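The values are calculated or read from the model by the stated rules, or taken from the named source; none is laboratory data. Keep in mind it's a predicted model, so treat the numbers as computed, not measured. Cβ: placed from backbone, ideal geometry, glycine included. Neighbour counts: every protein chain shown.
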Amino acid sequence: MIRSIDEPTFEVYMRVLFFSWFFIVMSVGLSIGQESSGPLQFEEEIVHLGPVKKGSLVKSQFKFTNVSQEDVVIDFLSTCECTEAEWPTSAIKPGESATIEFTFDSSKKDKEESIDLDVILQNTDKDGNPMFYYLAYDYSFSPQ
């Protein structure tokens with residue numbers, strides 16, 4: 001069989017496919033890394049409380065560290081009526097660690113679910129938008 005010079009070979013197709021795949025993977029990886037970065041690094045973003053007796057109060061916390069080069073201030077924290085939360089009201093300095101403590105009142109729930117805590121910072125991103133974090137905890141009801 002005589003091959004024309006203009007006719008691409010299997011090796012050429014494979015090289016194009018490999019380099020296309022490589023650049024797509026690298027682009028996705030870089031964009032994911034940029035989206036997940038922020039001034040606070042949480043030890044856990046989801047806390048599993050485990051089995052909870054209906055009617056009990058359960059306390060837990062989210063530990064975090066300011067990994068940025070600037071002070072970070074938590075503006076407010078929003079959650080459901082079954083949760084009371086306390087967070088630092090003063091600036092968290094670079095390298096400093098702190099906690100968001102919460103108390104779950106299981107008497108205000110009838111079924112097992114995941115509860116969100118939305119943390120909104122006074123700090124803004126490069127476009128001037130407030131920075132925020134989505135934290136959560138879950139639980140199950142223990143048999144009575």
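Each row is one residue, and each column tells you yes or no for (1) out of contact with any strand residue (DSSP E or B) (no Cβ under 7 Å at 6 or more places or on another chain); (2) modelled with pLDDT of 95 or more; (3) closer than 22 Å to Phe141 by Cβ.
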{"site": "Ile24", "(1), (2), (3)": "yes, no, no"}
{"site": "Leu30", "(1), (2), (3)": "yes, no, no"}
{"site": "Val58", "(1), (2), (3)": "no, yes, yes"}
{"site": "Ile92", "(1), (2), (3)": "no, yes, no"}
{"site": "Gly95", "(1), (2), (3)": "no, yes, no"}
{"site": "Asp116", "(1), (2), (3)": "no, yes, yes"}
{"site": "Leu121", "(1), (2), (3)": "no, yes, no"}
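When you go through Glu101, Glu44 one by one, which is the residue that is acidic (Asp, Glu), modelled with pLDDT of 95 or more and not in a strand (DSSP E or B)?
Of the residues listed, the single one that is acidic (Asp, Glu), modelled with pLDDT of 95 or more and not in a strand (DSSP E or B) is Glu44.
Output the qualifying pairs, or none if there are none: Cβ atoms under 7 angstrom, residues six or more apart or on different chains, first residue in the range 132-144 and free of Cβ contacts under 8 Å to residues at least 40 places away in the same chain and in a strand (DSSP E or B), second residue surrounded by fewer than 17 Cβ atoms within 10 Å (Cβ to Cβ) and not β-branched (Val, Ile, Thr).
Phe132/Asp118
Pick from the range 116-144 the residues that are among the hydrophobic types (A, V, I, L, M, F, W, C) and in contact with a Ser or Thr (Cβ under 6 Å, 6 or more places away or on another chain): which of them is nearest to Asp75 (Cα to Cα)?
Only one residue fits best here, namely Leu117.
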